[in-house]
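**Student:** Here it is: the structure, laid out below.
The values are calculated or read from the model by the stated rules, or taken from the named source; none is laboratory data. Because the structure is a prediction, the values reported are computed rather than measured. Here Cβ is always computed from backbone atoms with ideal geometry, including for glycine, and neighbour counts include all displayed protein chains. Ligands, DNA and RNA are excluded from the accessible area calculation, which covers all protein heavy atoms including side chains. Shrake-Rupley method; radii C 1.70, N 1.55, O 1.52, S 1.80 Å.
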Amino acid sequence: MDLDEILGNFGLGSYQVTVCTLMGLVLMYSNISPLSYAITASDLKYRCEIPICDADNPSYNPDWLNLAIPFNEKSNEHYKCLMYHHVSRTVNMTNISANSTSCKRESFNVNSKKKCNKWVFGETERTIVNDFGIMCEENKWKLNMVGTVNSIGQVIGIPLAGYISDRSGRKYVSIIGSVASATLGTLKSFSANYYSFLFFELFESMASSGVYAATFVLGIELVSLKSRAAVSTLMGCFYPMGAVIMGFIAYMILDWRIMLRIVNLPGLFILGYIWYVPESLRFLQTKNRIEEMAMVLTKIAESNGKTLPSCVQEALVANNLSNATNSLKKEEISICKLLKKIFNSKDILLRVIICSFSWMTITLVYYGLSLTSVELSGNKYLNFMLVNVVEVPAFLTSWYFMEQFSRRYTQAFSFFLSGIGCIMVNLISTDYLWMQLLLFLSSKYAITMAFNNMYIFTAEMFPTEMRMSLIGIVSMFGRLGLLFAPQMTLLGAYFGQYIPILLFGIISTMAGAMSFLFPETKDQKLPDTVKQVKSVEEVN
């Protein structure tokens with residue numbers, strides 16, 4: 001009798017539902033750190049202050065704006081730090097200077113521009129732009145650097161969290177990572193300057209990077225195979241709600257410091273999970289902590305109105321010893337042997353290449369669309385909330401599609417839908433903002449489906465003897481998309497706002513076409529060896 005069989009006999013009870021709900025709340029919180037910089041480091045609407053024209057209560061978009069400030073065709077808005085030179089004139093022996101109340105076309109020389117050092121803001125909100133004085137187009141890279149630092153923190157933190165998780169447990173990483181992230185996020189809100197802000201951004205990202213995987217695994221390992229798909233989908237629906245709540249609080253507060261303190265406060269209470277949430281059953285089994293496993297299984301049984309038979313613990317001990325004996329007989333695959341097996345099998349090599357490109361595309365487009373949403377026309381907070389809340393129906397429908405249709409066609413359809421939506425955004429006139437937003441949301445909806453499907457698809461297409469190693473390789477390439485995503489807004493600032501979304505559309509379409517080269521894995525027995533992969537390919 002193994003663990004899956006035991007859980008299958010118990011069913012799904014109140015204890016499991018409660019724990020999975022608590023884990024869902026942790027997943028919800030874990031989405032704050034990866035996306036908070038989209039708000040804290042978001043650019044603001046501002047223009048040069050024109051002393052000759054601006055009165056005591058200047059407005060951001062007055063009627064005379066085109067007379068005094070040049071228009072930037074690339075960004076489709078007026079320059080933020082350039083103004084036309086004011087022309088001093090002498091009329092009837094009276095010098096009309098910049099202190100005059102005159103604000104006419106002839107007061108400015110449109111052929112001569114200069115930089116300004118005073119600004120008029122379009123909003124009352126506070127971000128690091130006006131708090132740390134990160135003004136003008138040439139400083140745009142500093143805002144994007146925040147996202148890059150966040151991504152670097154995740155690249156460092158994910159393998160580190162995996163190592164700690166294997167040694168100390170999933171529960172430890174989930175709880176301590178959340179509390180550490182909440183503490184560092186709160187400290188970040190007290191940053192005195194740009195560089196101290198980057199320091200806290202890096203370490204907060206490292207602390208939170210492993211929370212999602214550890215929490216997700218801890219939750220789904222608590223239920224039977226029959227309930228796992230439903231529970232994993234419903235837990236996944238919690239994840240985007242963290243960003244939605246953060247966007248709503250930011251919209252109500254309009255102050256990045258106060259917003260960070262409010263959204264990070266609940267993370268401190270996750271420390272209380274230590275006394276209720278159990279450790280991962282699989283982890284306890286691998287560490288031969290059978291008595292602790294039995295205690296957790298007893299709680300599960302009692303919540304289902306059943307009792308844990310004494311023979312179950314004996315079966316777990318026997319099964320664990322058998323697994324330990326078998327694992328000693330298996331030869332670990334070294335890096336050299338792994339690479340040799342990859343290059344000796346064209347089927348495996350092709351899967352690794354296409355899978356790596358697909359993962360890079362998913363992370364680039366998924367995070368890129370979330371970050372680009374604050375650059376769209378309209379209310380940036382509403383756009384940010386909508387582009388994240390659309391993930392909830394995407395999770396639910398991807399579950400349906402995976403159950404009803406083939407993995408390969410579901411993956412291709414998701415990529416194609418995302419790509420077409422991104423390309424169409426640029427073809428719609430700005431007069432139809434609702435249509436642009438609808439296409440933008442459909443793209444995020446589709447790439448979320450691709451994200452969810454790819455998790456299962458990746459595990460199913462590689463042989464057991466190399467599965468974890470190959471998943472690690474393709475995930476590593478996927479992190480490249482995570483590093484490039486924050487740079488998309490900078491690309492738009494220099495080459496036009498339509499460029500990033502057009503790029504998302506092109507690579508999504510390419511990934512969709514390449515998906516047809518994947519094997520079909522739905523309802524197929526998982527391959528254990530490279531030879532079995534080849535035989536399945538020949539059948540397909």
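**Student:** Using amide H atoms built 1.01 Å from N in the peptide plane, name the residues 5+ places from Asp255, or on other chains, whose amide H lies under 5 Å from its own.
**Tutor:** Residues meeting the amide H criterion: Arg126.
**Student:** I've got another one for you. Under a 1.4 angstrom probe, counting protein chains only, how are Trp119, Trp275 ranked by accessible area, largest first?
**Tutor:** The ranking, largest first, comes out as Trp275, Trp119.
**Student:** Would you mind computing the Rg to Rh ratio of the stretch 350-408 from its alpha-carbon coordinates, Kirkwood style for Rh?
**Tutor:** Rounded to two decimals, Rg over Rh is 1.10.
**Student:** Compare the peptides 128-136, 505-513 by average per-residue count of other Cβ atoms within 10 angstrom and give them in order, highest first.
**Tutor:** Packing order, densest peptide first, comes out as 505-513, 128-136.
**Student:** Given N residues in the stretch 239-300, what is Rg(Cα) / (2.2 N^0.38 Å)?
**Tutor:** Normalised by 2.2 N^0.38 Å, the Cα Rg of the stretch 239-300 equals 1.74.
**Student:** Sequence-distant or interchain residues sharing an amide H contact under 5 Å with Ile69, placed H: which?
**Tutor:** Tyr84
**Student:** Please get the size of the charge dipole for the stretch 11-91, origin at its Cα centre, with Cβ charges of +1 on Lys and Arg and -1 on Asp and Glu, quoted in debye to the nearest 20.
**Tutor:** With Lys and Arg at +1 and Asp and Glu at -1, about 180 debye.
**Student:** Which whole number of Å³ per residue matches the convex hull of the alpha-carbon atoms in the stretch 1-72?
**Tutor:** Hull volume over Cα atoms, normalised by residue count, gives 196 Å³.
**Student:** To the nearest Å, what is the center-to-center distance of the stretch 12-32 and the stretch 117-155, using C-alpha atoms only?
**Tutor:** 34 Å
**Student:** Spelling out what I want: for every residue of the stretch 263-275, take phi, set θ = phi - 60°, compute 6.51 cos²θ - 1.76 cosθ + 1.60 (Karplus), and round to whole Hz; glycine and proline get x.
**Tutor:** Going residue by residue, I get 6, 8, 4, x, x, 5, 6, 5, 4, x, 5, 3, 8 Hz, with x marking Gly and Pro.
**Student:** Also: Of the options Val110, Met135, Phe121, report the single residue whose Cα projects farthest towards the positive end of the charge dipole of the stretch 100-142 (beta-carbon charges: Lys, Arg +1; Asp, Glu -1).
**Tutor:** Val110
**Student:** Then there's this: Once you sort the root eigenvalues of the Cα gyration tensor of the stretch 139-186 as a ≥ b ≥ c, which label holds: rounded (a/c under 1.5), prolate (a/b larger than b/c) or oblate (the other case)?
**Tutor:** Cα axes put the stretch 139-186 in the oblate bin.
**Student:** Right, another one. Could you tell me the center-to-center distance, by alpha carbons, between the stretch 244-276 and the stretch 184-226 in angstrom?
**Tutor:** 13 Å
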